[in-house]
Amino acid sequence: MSCGGSVHLMFETFQARPWSIIIFGAGHVAQALVRALALLDCHITCIDTRFEWLDRLPPPNSTFARRVVDDMAAFASDVSPCSYCVLVTQGHATDLPILKRLVTRRDLSYIGVIGSSVKARKIRAELTCDGYTEVDVRNFQCPMGIGFKSHQPSEIAVSIIAQLLSLKNGGS
């Protein structure tokens, strides 16, 4: 500046798209996860085949939806691009069909499956045997979360949220 002063510019960024989190399953971990995520600026959709579990969640509002579906795997095909997908269903037999629909997609921000490293190896082996590519087989996180080895639903939820926030905000 000709007067010798200085200029300070401040920038504020806004997320162009809402942070969309799709939770497959409405069991104990999902119950804790939905309640904790409700404190954040995100849109949450929790889906399950079991109305009685979805009914235990908070009532739907502008940032939270719950959906009863006959087939969670079929719903997976309709997930919006850039969504963060969290699979916390009843178990391996329920997770795998959903995962098979999600892993081939390259437009999702995150795919995570609850479970151990043993479960992860089993899922990856099954996907490989079913002809999925190496890229597909690596296109999900299992175990998910930051890994502080808890079995408490609320602590698992915090672990998952920590990982999601780290990825959303440019962390590792």
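Numbers below:
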| quantity | calculated |
| --- | --- |
| Value of [θ]222 nm, deg cm²/dmol, for the chain, DSSP H segments ≥ 4, -39500 (n - 2.57) each, nearest 500 | -10500 deg cm²/dmol |
| Taking all pairs of distinct alpha-carbon atoms in the chain, Kirkwood radius in angstrom | 17.1 |
| Computed Rg/Rh of segment 55-139, alpha carbon atoms with Kirkwood Rh | 0.99 |
| Phi-based couplings in Hz for segment 20-31 (Karplus 6.51, -1.76, 1.60; Gly and Pro marked x) | 9, 10, 10, 10, 8, x, 10, x, 4, 5, 4, 4 |
| Estimated vicinal HN-Hα couplings, Hz - segment 143-157 in sequence order (Karplus 6.51, -1.76, 1.60; Gly, Pro = x) | x, 9, x, 8, x, 9, 6, 9, 10, 7, x, 5, 6, 4, 4 |
| Beta bridges per DSSP with both ends in the chain, % antiparallel, nearest 5 | 5 |
| Among 162, 32, 93, residue whose mean-square fluctuation peaks in a GNM of the chain (springs only between Cα atoms under 10 Å) | 93 |
| Shape category assigned to segment 99-154 from the gyration tensor of Cα positions, a/c cut at 1.5 | oblate |
| Protection proxy ranking of 54-67, 138-151 - average other beta-carbon atoms within 10 Å, highest first | 138-151, 54-67 |
| Candidates 77, 109, 20: whichever shows maximal mean-square fluctuation once the chain is modelled as a Gaussian network with Cα springs under 10 Å | 77 |
| For segment 20-70, convex hull of alpha carbons as volume per residue, Å³ | 63 |
| Cα centroid separation, segment 43-67 to segment 129-172 (Å) | 21 |
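Where a number appears in this text, it was derived from the coordinates with a stated rule and is not lab data. Bear in mind the structure is a predicted one, so any value in this text is a computation, not a measurement. Heads up, the Cβs are rebuilt from the backbone with ideal geometry, glycines too, and the neighbour counts pull from every protein chain shown.
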